[in-house]
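The values are calculated or read from the model by the stated rules, or taken from the named source; none is laboratory data. Everything numeric here is computed off the predicted structure, so don't read it as measured data. Don't worry about glycine lacking a Cβ; one is built from the backbone with ideal geometry, like all the others, and counts go over all protein chains shown.
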Amino acid sequence: MSVQLRNFTTLNAQQKAMILEWRNHPSVRANMYNTDTISQEEHLAFIDSLVKREDKRYFLVQEGKEDIGVIDFNAISTISTKLGIYANPFLAKKGMGTLLMKTLIAYAFDVLKTPTLEAEVFAHNERAIHLYEKFGFQEKFRRFINEKEIICMELDNENR
Ligand SMILES: CC(C)(COP(=O)(O)OP(=O)(O)OC[C@H]1O[C@@H](n2cnc3c(N)ncnc32)[C@H](O)[C@@H]1OP(=O)(O)O)[C@@H](O)C(=O)NCCC(=O)NCCS
């Protein structure tokens, strides 16, 4: 089935509301730097702000008619790009992370043409770490933010 990328800036009101519900779900929120519940106002203002941002791109990923998750790109530059990823927490289906990551890697290297993809993940997030390692990401260093250990991982285009 074909995978579609819908830029956040092109979403309708219902899709924007759906994504806010995902982003505020405890299983997603717990693994983000900003763990606060995001208000509708903040969410809509953030999406509006993306129109002018060359360094950020956010996408709803759909497979056929199914909404499977979000992938995003931050700090996009000719040197590297930081990724973001979360699966639809209401979809009880395996393999969604794998499909999202395949889509993310293809977009980063084929469309953005970034040489290096960077991922920052909480050391306790075994599920995400497993996914990144499966796709060849390697740990580069660790750091602490608010006493939480973060693993910084990278994947170069030539190693994908
Ligand atoms: C990270 C995320 C996208 C991964 O999606 P997913 O649906 O688990 O991905 P998949 O179903 O493709 O599974 C990935 C692998 O992890 C494995 N896995 C599942 N739970 C696991 C766990 N607790 N520990 C280790 N591996 C685990 C799966 O078995 C699968 O392995 P396989 O492909 O070798 O069979 C999803 O968990 C998510 O949205 N998490 C919340 C947001 C988040 O943490 N984002 C990343 C922030 S850095």
From the list ARG127, ARG160, ARG142, pick out the single residue that is at pLDDT 95 or above, more than 13 Å from the ligand (Cβ to nearest atom) and not polar (S, T, N, Q). ARG142
Of the listed residues (LYS93, LYS52), the one being within 18 Å of LYS134 (Cβ to Cβ) and not polar (S, T, N, Q) is LYS93
Would you please name the residue that is nearest to the ligand (Cβ to nearest atom), looking only at residues in the stretch 78-104 that are among the small types (Gly, Ala, Ser), farther than 17 Å from GLU120 by Cβ and part of a loop (DSSP other than H, G, I, E, B)? GLY95
For ALA108, indicate whether it is closer than 24 Å to ARG53 by Cα, surrounded by 18 or more Cβ atoms within 10 Å (Cβ to Cβ) and more than 11 Å from the ligand (Cβ to nearest atom). yes
Please go through (1) over 16 Å from LEU100 (Cβ atoms); (2) exposed (fewer than 11 other Cβ atoms within 10 Å of the Cβ) for GLY64 and return the number of the only condition it doesn't satisfy. (1)
What are the pairs with Cβ atoms under 8 angstrom where one residue, in the stretch 26-41, is in contact (Cβ under 8 Å) with a residue 24 or more places away in the chain and the other, located anywhere, is surrounded by fewer than 11 Cβ atoms within 10 Å (Cβ to Cβ)? Sequence gap at least six, or different chains. TYR33/ILE145
So if I check each of GLU147, GLU133, which one is over 19 Å from ASP72 (Cβ atoms) and away from the ligand (no atom under 15 Å from the Cβ)? GLU147
The one condition in (1) under 23 Å from SER2 (Cβ atoms); (2) more than 7 Å from the ligand (Cβ to nearest atom) that GLU118 fails to fulfil: (1)
Can you tell me which condition ARG143 does not meet? The list is (1) under 19 Å from ASN31 (Cα atoms); (2) in contact (Cβ under 8 Å) with a residue 12 or more places away in the chain, and all the others hold. (2)
Is it true that some residue in the stretch 50-61 is surrounded by fewer than 16 Cβ atoms within 10 Å (Cβ to Cβ) and touching a residue at least 24 places away in the same chain (Cβ under 8 Å)? yes
Counted residues, the stretch 111-149 - those being within 22 Å of TYR58 (Cβ to Cβ) and surrounded by 14 or more Cβ atoms within 10 Å (Cβ to Cβ): 16
Hand me the list of helices (runs of 4 or more DSSP H) wholly inside the stretch 1-55 holding 2 or more residues that are away from the ligand (no atom under 16 Å from the Cβ) and more than 30 Å from ILE151 (Cβ to Cβ). 13-23, 40-49
